[in-house]
Amino acid sequence: MSAPGHDAPTVRVRDLVRTFTYKGVLNGIDLDIAPGEFVALLGRSGSGKSTLLRALAGIDHEARGTGEISLPERLSVIFQDARLLPWMRVLDNIELGVPAAGTRGREALAEVGLAGRERAWPHELSGGEQQRVALARALVREPKLLLADEPFGALDALTRIQMHTLLRRLVDAHQPAVLLVTHEIDEAILLADRIVLLDDGRLAADLPVELPGQGPARTDRIAALRTRFQRLLGIGEQPDDHHEYAAVGTPPGERHE
Amino acid sequence: MNAFPEKFDLPDAARPAPQTFSAAPKRIRRQRLSPGTPARYGNLLGPALLLLYWTVLSATGWLDPRTLPAPWTALTTGFDLIRDGRLQEHLAVSAWRAMTGLGFGVAIGTALALVSGLSLLGGYVIDGLVQIKRGIPILALIPFMILWLGIGEAMKITLIATAVFVPVYINTHNALRAIDIRHVELAETVGLSRAQFIRHVVVPGSLPGFLTGLRFGVTSSWLALVVVEQLNATSGIGYMVTLARNYAQTDVMLVGLVVYAVLGFGSDALVRQLERRLLGWRRTLGR
């Protein structure tokens, strides 16, 4: 099920069931994520993506359910909004809840390209910069698992591409396991090692991405995966886009050439 | 009076050629809906206008001194009282009572708001009781307070504190409950302890409401003075006014009123100053 190696999984979920009175249902989810593995969780809105992520993050206090979840102690969460505390300066936001942070907060801020903005108030930053601070806040905890709930959903297409590169670089450097919730097929393909698809509270697909380094083989693989997931999501076939990023940020319905 | 550079009279040679196209692109400047940055002492304008109005009416004789003495009467009487040492003496006693009562009231109001806002049981117990207290006029409480606490300072300070804690509780509690649930989730995911959560999220999040409550509370403490200093008091501004009333000294009563006005305005200005410093992170209409 999991791609690299035979290590004990970082994440182990068995038969997870969640029901709410108002939204989101999970019907028996089994999911393993290996150490350092980057898993994208795709699904339509209302498919239970966020419910699963919130269950893993342990913030679904209102939910009722059963099942087994085993997670590393050190995990970080990134939300769709940066969720910075507006009354704290950037550096204090990053070091929130980190005992004896030392210089690590500053280093994390430099790593996301915001060195020198330690004393800024969150409202003085752009949306993309705020999300980078959120990324720094997640990294400073040196997580074994990074949970990200559509972290680029609120950003413009250009900023999103920059954030993809940054996230990939940081994940490569720090090697946490990642569960990225998204509804962007291309985002999932370009970032993840493995894509799982959630449909109606069940895992409907689980595919390794296995992108070749470059060249036409890579483009073909991206196109094949995209078509596959579009079909699984019930979007229907679209003419292939030749550039990797051509479709990112564009709603599927508008993707005509 | 030309406010715009393009309307300055230029020598003919420097005058730009008249524009030939009619629909020249113009920069659109939207109507500003916020009132702009306030002037430093702008809040003094209202009181200054009132003072001017009062002075003009008194100076022109429109205002009978038997209805309301002139401002300068208040000033001269005030100076006399200061020369006697009576005003400072009364003021010191009153200020001590007000501050002590305010201190207790603010502490109690804040503590109750925290307990009531952070625990369900606390909310069930406390909130209803505070609403009951709100409905009981301070004057109706006095006989019981005297019965329970006697007629000394303890009773006076307790009465002031009960007047203060209600607005502090209501506003702090209200702001606390309005804290964004997303910030609470964040606190959970970064693993804050309850104490850290209170310090980093609850206190700063409910601070705007607390400060509003404090503004009401400060004023309440001065207002409650008037009432409690009529009860077995031998000193204090309230006592001074009551005594003056018995001897029909309208000028001394007026000094008392002016002192209350200055104290009320001054302490409110202090809290607002505090507000500006503590809430510097906010971007709002009023700054």
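Details
- Potential extension, B:ASN232-B:ARG277 segment - 0.36 nm per residue separation minus Cα distance: 12.1 nm
- Per-residue Karplus couplings for region B:38-45, computed as 6.51 cos²θ - 1.76 cosθ + 1.60 with θ equal to phi - 60°, are listed in order as x, 6, 4, 10, x, 5, 7, 4 Hz, Gly and Pro entered as x.
- Amide H partners (placed H, <5 Å) of A:ASP81, local residues excluded: none
- Prolate/oblate/rounded call for chain A, Cα gyration tensor, a/c under 1.5 rounded: oblate
- Span from the region B:158-222 Cα centroid across to the region B:253-282 one, whole angstrom: 20 Å
- Taking every lysine pair in the protein assembly as shown that is 8 or more places apart or spans two chains, those with Cα atoms closer than 23 Å amount to 4.
- Of all DSSP-defined beta bridges confined to the protein assembly as shown, some 50% are antiparallel rather than parallel.
- Per-residue ellipticity at 222 nm, computed for chain B from helices alone with -39500 (n - 2.57) per DSSP H run of at least four residues, works out to -22500 deg cm²/dmol.
- Applying the Karplus relation 6.51 cos²θ - 1.76 cosθ + 1.60 with θ = phi - 60° to region B:170-179 yields 3J(HN,Hα) values of 4, 6, 5, 4, 4, 5, 4, 6, 8, 4 Hz, where x marks Gly and Pro.
- Ranking B:HIS200, B:ALA107, A:GLY215 by Cα position along the charge dipole of the protein assembly as shown, where only Lys, Arg, Asp and Glu carry charges on their C-beta atoms, puts B:ALA107 farthest toward the positive end.
- Label sites at B:LEU68 and B:ASP80, each approximated as a point 7 angstrom past Cα along Cα to Cβ, lie 2.1 nm apart.
- Toward the positive end of the charge dipole of chain B, with +1 on the Cβ of Lys and Arg and -1 on the Cβ of Asp and Glu, the farthest Cα among B:VAL255, B:ILE179, B:VAL164 is that of B:ILE179.
- Range in chain A, longest, excluding exposed chymotrypsin sites (Phe, Trp or Tyr not before Pro) [loop by DSSP; at most 16 other beta-carbon atoms within 10 Å]: A:23-244
- In terms of overall dimensions, the C-alpha atoms belonging to region A:114-193 reach 36, 28, 18 Å along their principal axes, ordered largest to smallest.
- Three-way shape label, chain B, alpha-carbon gyration tensor, a/c 1.5: oblate
- Among the trypsin sites (Lys or Arg not before Pro) in region A:71-176, those located in a DSSP loop and surrounded by at most 16 other Cβ atoms within 10 Å of their own Cβ are A:ARG74, A:ARG119.
- Among A:GLY65, A:PHE152, A:LEU42 - extreme Cα towards positive end, dipole of chain A, charges at beta-carbon: A:GLY65
- Distant-in-sequence amide contacts of A:VAL209, defined by a placed amide H-H separation under 5 Å and a gap of 5 or more residues or a different chain, comprise A:ARG194, A:ILE195.
- Space enclosed by the convex hull of the alpha-carbon atoms of region B:139-274, per residue, Å³: 126 Å³
- Separation of the A:LEU158 and B:THR284 label points, Cα + 7 Å toward Cβ, nm: 3.5 nm
- Total charge dipole magnitude, region B:71-278, about the Cα centre, Cβ charges on Lys, Arg, Asp, Glu only, Debye to nearest 20: 240 debye
- Only helices enter the 222 nm calculation for chain A: every DSSP H run of n ≥ 4 contributes -39,500 (n - 2.57), and dividing by all residues gives -9000 deg cm²/dmol, rounded to 500.
- Centre separation in Å (Cα based) which lies between region B:33-51 and region A:120-158: 41 Å
- Taken over the C-alpha atoms, the protein assembly as shown has Rg and Dmax values of 33.4, 104 angstrom.
- Cα-centre dipole for the protein assembly as shown with unit charges at Cβ (Lys and Arg positive, Asp and Glu negative), debye to 20: 1560 debye
Quick note: the coordinates plus some simple rules give every number you see, no bench work behind them. Because the structure is predicted, anything quoted here is derived from the model rather than measured. Counting neighbours? That spans all protein chains shown, and the Cβs are built from the backbone with ideal geometry, glycine included.
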